[in-house]
Amino acid sequence: MRRHAIVVGGGIGGLATALALRRIGWQATVLERAAELGEIGAGMSQAPNALRALAELGVEEQARAVGAPTYSSGNLRTPDGRHLQQARPGDATALLAFARADLHRVLLEAVPTGWIRPDAEVTAIRQNADGVTVGFGGGELTADLVIAADGIRSTVRRLLWPDAPPPRFLGRTAWLGIAQVPGLPGSMTMGPGGYFLIHPIARGRAYWAYVTTADAPGVRYDQEKTEVARRVGTWHDPIPALVEATPGEAVIHIDICDLDPLPAYVRGRVALLGDAAHAMSPDRGQGAGQSIEDAVVLAAALAGEHTVDAALRRYDADRRPRTQATARGARKDGDRIISKAAHRAMVTMIRMMPARWWRKGIAADGNATWRWRPPRLPSPATRP
Ligand code: FAD
């Protein structure tokens, strides 16, 4: 009989998990609380580590078809428009940028029809020697394994890890949007206490994000677009025009939070995955990428070990060090980039760095996080 897993949450992490399980011959049910599956939010970039993981899931080509090459921090400027580092047109860049909804759709289209149950909010979970049972609006379901990919405010984490601290507000807030502005190269503009990121995305659009310091979470404005326009209105072109070109109702305002490291990602037959396990600050562009890596590593462990328990031990031992180091690094990077006090010194240091070093940073093996290679999943043809 085919092994069966319940995946809680149909975001990028949950769908990647369903695909990875399918690759190793398991069956999965994805319980998603939203009535309709889709990604809210604006855009994101993916680095070679995540693209390799997508290849292992069999959807790299489809993802590349909806992605756009981006230089992002290969093109660094100050708000007055000075270039600190500048990628040359044609410089190799290994980063791809996406509208979130596009990448999510690629995964969704590859998950077998019938595996997804929308409108199914998980509210309870219990386990015994025979398996795990989850309760959700609509009933109960029992499986060999539950993978909780229910995001930074995970219900499953709250139920099974009651001592885990809640998400930590990092003193930063962000506005995000997508505008129909073709032909912009990816760039990052560093001001004192805030930065503005631009990524070109498919179909002649650009994704932007403005991240800045905030004393407290939850501060909101009647007109979010007007507020962000006020803050970056004097920054160099095309920043003000890009904000102006974004439909007001599509401007998103969120507070940046992450999770303190958990002592374990596994409890019995339940594994946390993605933001539920290791939500991180966006400053390394790695949160969703790490969730895709999680999915491949978990499936490889399930395929390679004789028992589910042994596979979960392997998953936990493999993923905790890498994801927690990445989260730690992202938190630090964010503090540094946003620091008003360190701004002048950082700008001087970046300007002095040889351009060839900077350009290397956007190439395929640009940094240690990007060099990660996924374990091979058994190909469908060789599966027992
Ligand atoms: P989520 O996307 O949060 O999905 C969780 C899903 O679970 C949702 O669909 C939710 O409805 C569902 N759910 C929740 N509770 C329940 C329940 N009780 N029952 C059933 N369903 C439930 N990452 C990158 O890789 N690259 C980037 O460039 C990047 N940029 C970012 C920029 C910003 C500003 C932010 C905030 C994050 C960024 N990230 C980036 C991180 C990335 O967004 C997350 O890491 C990623 O979306 C996490 O995916 P997930 O599937 O784990 O969780």
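What to note about this one:
- Distance in nm between pseudo-label sites at THR113 and ALA310 (7 Å out along the Cβ direction from Cα): 3.9 nm
- At R0 = 25 Å, FRET efficiency that the Cβ-Cβ distance of SER379 and ALA317 yields, to 0.05: 0.45
- Around the Cα centre of the chain, unit charges on the Cβ atoms of Lys, Arg, Asp and Glu (plus for the first two, minus for the last two) sum to a dipole of about 1180 debye.
- Inter-label distance, ASP365 to LYS332: 2.3 nm, where each label sits 7 Å from its Cα along the C-beta direction.
- Rg/Rh, computed from the Cα trace of the stretch 1-117 with Rh as the Kirkwood radius, has the value 1.10.
- Partners for LYS332 among lysines (Cα-Cα distance below 20 Å; same-chain residues under 8 apart left out): LYS340
- Carbon and sulfur %, accessible surface of the stretch 167-209 computed with the full protein complex present, 1.4 Å: 60 percent
- Förster radius 35 Å - calculated FRET efficiency between ALA216 and ALA355, Cβ distance, rounded to 0.05: 0.30
- The Cα atoms of the chain define a convex hull whose projected area, averaged across directions, is 18.8 nm².
- Peptide ranges 246-253, 108-115, 48-55, 300-307 listed from the most packed, as the mean C-beta count within 10 angstrom indicates: 48-55, 300-307, 246-253, 108-115
- Considering only alpha-carbon pairs that sit under 8 angstrom and 6 or more positions apart, the relative contact order computed for the chain is 23 percent.
- Rounded to whole numbers, the Karplus 3J(HN,Hα) couplings from phi for the stretch 158-169 are 5, 6, 9, 10, x, 8, 5, x, x, x, 9, 6 Hz, using 6.51 cos²θ - 1.76 cosθ + 1.60 with θ = phi - 60°, and x at Gly and Pro.
- Annotation for the stretch 258-309 versus the stretch 2-68: alpha-carbon center distance of 13 Å.
- Here each label is just a point 7 Å from Cα along the line to Cβ, and for THR123 and GLN180 those points are 4.3 nm apart.
- Mean Cβ count within 10 Å, highest first, over the residues of peptides 269-277, 84-92: 269-277, 84-92
The values are calculated or read from the model by the stated rules, or taken from the named source; none is laboratory data. Small disclaimer: the values here were computed from a predicted structure and weren't measured. Heads up, the Cβs are rebuilt from the backbone with ideal geometry, glycines too, and the neighbour counts pull from every protein chain shown. The protein model used for the area step is the full one, side chains on, heavy atoms only, and it has no ligands, DNA or RNA in it. Shrake-Rupley method; radii C 1.70, N 1.55, O 1.52, S 1.80 Å.
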